[in-house]
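Working notes for the structure below.
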Amino acid sequence: MVTVRPDRARKVLWIAAGLTMLCVVAVISTVSGREPASGNGRIVTVMTRNLYLGGDINRPIRAAFGLSGREGVLALGHASHELREVVDRTDFRARSKLLAAEIAAEKPDLLGLQEVALWRRGPMQLDHIGRPDAIEVDYDYLAILLADLANRGVRYEIVQVEQESDVEAPAFTGDPLAGTASSAEDVRLTDRDVILVRSGAGIRIEGSGGNNFSQHLDVKLADTTFRFVRGYAWADVVIGAAHIRFITTHLESQSSKVARAQAAELLDGPANASQSRVITCDCNSNPASPAAHSAIPIGSGAAYRLITNEHGFADLWLQQPGRTGSGNTASLSELVNDGSAHFSRRIDLVLAKAATPAEIVTSGVKVTGDEPSDRDPATKLWPSDHAGVVVQLQIG
């Protein structure tokens, strides 16, 4: 017979009680902001980054909306020329080096990118305005960024590229209808969402895909209807024993009603899965925005509330105790050469929903690319008109 001293028995009881409490916490926690006491699991870093198209795509829309005939063509062509000049001024080749330095410093294992632009040009063809057929490449943001990352010794593999809006318009000065145009060309913008995985991260890709949302904006300019579409890319990844669906998306910025409808499509589509899900997004939906009222029929935070309040996704920025700053990520001026930071909205988000208790635990969050020191010293350009968000997750 073994005799246990009373003080030792009390110690055993305290240990047993403590273990019981840990088990209870694990069961009731879905996505926690605290690291598990056991220290088991794999630390994975995820990042969401909007690269910025390089100019305000609404510039031609504002100029030509509601106009037709000669007046509409001239307004569209002049504004498209101005937009294309802005894209040169916000030189992505310079900004990409800043973005590559930022990404190389954080080394995210999974990276969700939005506004990964492909700018092309071709001969001006006024007889079929809006037909996207220009093929001469000016800027391929994805190729440029991957090359700059490789130059820093950090290599990323493309998991999924989802093409979204693909729009083309004439761009010129003067009046081509009177034979006085100069700098005449067709300018084409192809927008993309992209998922990258860091080479050597030990993450296995089981499958990937993407799609465009059925909800979109159609805008009539110069008697031509331009379709602006958004979408998403997803990848099923294996991290240790955990199976996770990683998603990146970019919701509509010009209509909170459309953005909410797109979020609903996402939640009924790839975000409706049996495994744990992580969403990186430029959600264009600010958690701080008010609910619906007379001035904003549906409320500009409607998409965020649908994803979090109604569908149970955790906002990982809010999950981390001790975080610093507001988490704001948008947005700077069109020329992205602001002398100081003016990030006033938190719309770049990392959201998660775990399939089993404590499968995803937040162990760190930070905003990147939001300090004046992040600018290019020569051009004074910021990396983007948005800041990035990096989240460290303990998986499994």
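Give the cross-link partners of LYS220 among the aspartates and glutamates, using a straight C-alpha distance below 20 Å as the criterion and excluding same-chain residues fewer than 8 apart.
Within the straight-line limit of under 20 Å, LYS220 reaches these aspartates and glutamates: ASP56, GLU71, GLU82, ASP127, ASP133, GLU164, ASP166, GLU168, ASP186, ASP191, GLU252.
Taking the Cβ of ALA341 as the center, what net charge do the other residues with Cβ under 12 Å away carry, scoring Lys and Arg +1 and Asp and Glu -1? Provide the component values of the computation, followed by the final result.
Numbers: positive: ARG375; negative: ASP338, ASP370, GLU371, ASP374, ASP385.
Once all neighbours under 12 Å are counted, the net charge is -4.
Using a Förster distance of 45 angstrom, determine the FRET efficiency expected from the C-beta separation of ASN58 and ALA378, and round it to 0.05. Please report the intermediate quantities before stating the final value.
Values: r = 29 Å, r/R0 = 0.64.
The pair ASN58/ALA378 has a calculated efficiency of 0.95.
Connecting C-alpha atoms closer than 10 Å in a GNM of the chain, tell me which of HIS386, HIS128, HIS243 has the biggest fluctuation.
HIS128
Tell me, how many Å apart are the Cα centres for the stretch 320-350 and for the stretch 140-158?
Between the Cα centres of the stretch 320-350 and the stretch 140-158 lies a distance of 24 Å.
Quick check on the chain: of the DSSP beta bridges with both residues there, what percent are antiparallel, nearest 5%? Don't skip to the end; give the middle numbers.
On the way: 74 of 88 bridges.
Antiparallel: roughly 85 percent of the beta bridges in the chain.
Quick check on my link table: of LYS257/LYS380; LYS257/LYS366; LYS107/LYS257, which ones sit more than 32 Å apart, alpha carbon to alpha carbon? Before the final figure, lay out the partial values.
Values: LYS257/LYS380 36 Å; LYS257/LYS366 30 Å; LYS107/LYS257 35 Å.
Table pairs above 32 Å Cα-Cα are LYS257/LYS380; LYS107/LYS257.
If I take every Cα pair under 8 Å that is 6 or more residues apart in the chain, average their sequence separation and divide by the length, what percent do I get for the relative contact order?
Numbers: 967 pairs, mean separation 83.1, N = 396.
Here the relative contact order equals 21 percent.
Where does helix 256-268 land angle-wise versus the long Cα axis of the chain, in degrees 0 to 90, nearest 10?
Once rounded, one gets 50 degrees.
Using Cα springs under 10 Å in a Gaussian network model of the chain, which residue among ARG49, ARG62, ARG188 shows the largest mean-square fluctuation?
Largest GNM mean-square fluctuation: ARG62.
Round to the nearest 10 and give me the degree value, 0 to 90, for the angle of helix 6-28's Cα axis relative to the longest principal axis of the chain.
20
Can you list the residues, at least 5 places off or on another chain, whose amide H is less than 5 Å from the amide H of ILE43, using H built in the peptide plane?
Answer set, sorted by chain and number: ILE395.
Going by C-beta contacts inside 10 Å, put ASP223, ASP140 in order with the fewest on the left. All intermediate terms of the calculation are to be shown ahead of the outcome.
Numbers: ASP223 14, ASP140 18.
Arranged by neighbour count, lowest to highest, ASP223, ASP140 become ASP223, ASP140.
Once you put a point 7 Å from the Cα of GLU85 and another 7 Å from the Cα of PHE65, both along the Cβ direction, what distance in nm separates them?
2.3
Across the stretch 115-123, in residue order, what do the Karplus-derived ³J(HN,Hα) couplings come to in whole Hz, using 6.51 cos²θ - 1.76 cosθ + 1.60 with θ = phi - 60° and x for Gly and Pro?
Computed from phi, the couplings for the stretch 115-123 are 6, 8, 6, 10, 9, 9, 9, x, x Hz.
Take THR90, THR362 and order them by how many other Cβ atoms sit within 10 Å, fewest up front. Provide the component values of the computation, followed by the final result.
Values: THR90 21, THR362 25.
Lowest count first: THR90, THR362.
Return one number: the angle in degrees, 0 to 90 and rounded to the nearest 10, between the long axis of the Cα atoms of helix 92-106 and the longest principal axis of the Cα atoms of the chain.
0
Quick one: among PHE226, PHE246, PHE92, which has the greatest mean-square fluctuation in a GNM of the chain with alpha-carbon springs under 10 angstrom?
Top of the fluctuation ranking is PHE226.
Read-outs: derived from the displayed coordinates by stated rules, not from any lab. What you see is a predicted model; the values in this text were computed from it and never measured. So basically every Cβ, Gly included, is an ideal-geometry build from the backbone, and we count neighbours across all protein chains shown.
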